[in-house]
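The values are calculated or read from the model by the stated rules, or taken from the named source; none is laboratory data. Bear in mind the structure is a predicted one, so any value in this text is a computation, not a measurement. Using ideal geometry, Cβ is built from the backbone for each residue, glycine included, and neighbour counts are taken over all protein chains shown. Heads up: the accessible areas ignore ligands, DNA and RNA and are worked out on the full protein's heavy atoms, side chains in. Shrake-Rupley method; radii C 1.70, N 1.55, O 1.52, S 1.80 Å.
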Amino acid sequence: MLAAPALLPARRANAMEPVDVELVLAADVSRSMDPQEQELQFSGYAKAFRDPRLAEGIAGGAIGAIAVSFFTWSDWDTQNLVVPWMRIDGPAAANRFADALDAAPRQAFLYTSISGAIDYAGKLFGQGYEGTRQVVDISGDGINNSGRSLKVARAEALERGIVLNGLAVLDHTPLPPQFAALQPALDDYYHNEVIGGPGSFLMVAEGFKAFEGAIRRKIIREIALNAPGPRIERAFA
């Protein structure tokens, strides 16, 4: 008669906590991001979580809570989990997440492996939380130039039901002519090669000074189910 109750603690320990969405934020820290641009990224995310509209959006969900984690990425084997999963269910928790971002170390590496970021993000899901949606938010300012095929990594994530959203940061500094012709337009590249899944969309920041507004609008859209908006949205400084 004692066997069944004895099993209860193990079951509870392994239970997944329900949330409206599991959101993984993935920030590019490759060499194309100078210290000022990297700081704009971190502060942009932090300010987005301090925005009262974000907490209001979370409260409007069926459960009224989301789970969020944040990692930085660069080379195919360089991903750093800066803020592990946190449950956000109101302004206090959102501010704690923002504080963790403010305190996080700033590091820069070399290459740009979007495929590596997608692969790493996929491994983060299912760690204590169970969302009605699993979303990866990839922000960056360059194309995939390290690691395995982006096409394959993207296809595998989509097959698992993961939604891939993008935030392309356009650097309007002119490239040398010999390189400009070789680089696809970043917004087209993210639209065609990166994002995918039900309701996926691309936010385009027209320059790094537009990043803060872009990420705030983007996260508010991501936490809402079936939030209206174009597949490609642009933010200006």
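Remarks
- Evaluation of Asp171 against (1) in contact with an Asp or Glu (Cβ under 6 Å, 6 or more places away or on another chain); (2) modelled with pLDDT under 95; (3) in a helix (DSSP H, G or I) (one fails), failing number: (3)
- Residues satisfying the stated conditions in the range 64-98, i.e. touching a residue at least 60 places away in the same chain (Cβ under 8 Å) and over 28 Å from Ser30 (Cα atoms): Ile66, Arg87
- Residues located in the range 90-105, provided they are assigned to a loop (DSSP other than H, G, I, E, B) and either of a type in the set (Phe, Trp, Tyr) or touching a strand residue (DSSP E or B) at 6+ places or on another chain (Cβ under 6 Å) (or both): Ala104
- Hey, Gly90 open to solvent by less than 30 Å² (accessible area, probe 1.4 Å) and farther than 24 Å from Asp75 by Cα or not: yes
- Subset of the range 74-87 (residues that are open to solvent by 10 Å² or more (accessible area, probe 1.4 Å) and aliphatic (A, V, I, L, M)): Leu81, Val82, Met86
- Taking the range 197-237 as the range and being open to solvent by less than 40 Å² (accessible area, probe 1.4 Å) and either polar (S, T, N, Q) or in contact with a Cys (Cβ under 6 Å, 6 or more places away or on another chain) (or both) as the test, only Ser200 passes.
- Scanning the range 147-166 for residues that are within 18 Å of Ser30 (Cα to Cα) and open to solvent by less than 30 Å² (accessible area, probe 1.4 Å) gives Leu150, Gly166.
- Any hit, the range 52-73, residues being farther than 22 Å from Ile223 by Cα and crowded, with 20+ Cβ neighbours inside 10 Å: yes
For (1) at pLDDT below 90; (2) more than 18 Å from the chain's Cα centre (by Cα); (3) part of a loop (DSSP other than H, G, I, E, B), each residue gets a yes or a no:
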{"site": "Ser30", "(1), (2), (3)": "no, no, yes"}
{"site": "Gln41", "(1), (2), (3)": "yes, no, no"}
{"site": "Tyr45", "(1), (2), (3)": "no, no, no"}
{"site": "Ala48", "(1), (2), (3)": "no, no, no"}
{"site": "Val68", "(1), (2), (3)": "no, no, no"}
{"site": "Phe71", "(1), (2), (3)": "no, no, no"}
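- Positions within the range 113-146 being open to solvent by 50 Å² or more (accessible area, probe 1.4 Å) and either under 25 Å from Asp171 (Cα atoms) or touching a Cys at 6+ places or on another chain (Cβ under 7 Å) (or both), in sequence order: Asn145
- Among residues of the range 192-237 being at pLDDT 90 or above, part of a helix (DSSP H, G or I) and in contact with a helix residue (DSSP H, G or I) (Cβ under 7 Å, 6 or more places away or on another chain), the one that is farthest from Val135 (Cα to Cα) is Glu193.
- The set of residues from the range 99-112 being open to solvent by 60 Å² or more (accessible area, probe 1.4 Å), without any contact (Cβ under 8 Å) to a residue 60 or more places away in the chain and under 15 Å from Ala48 (Cα atoms) comprises just one member, Asp99.
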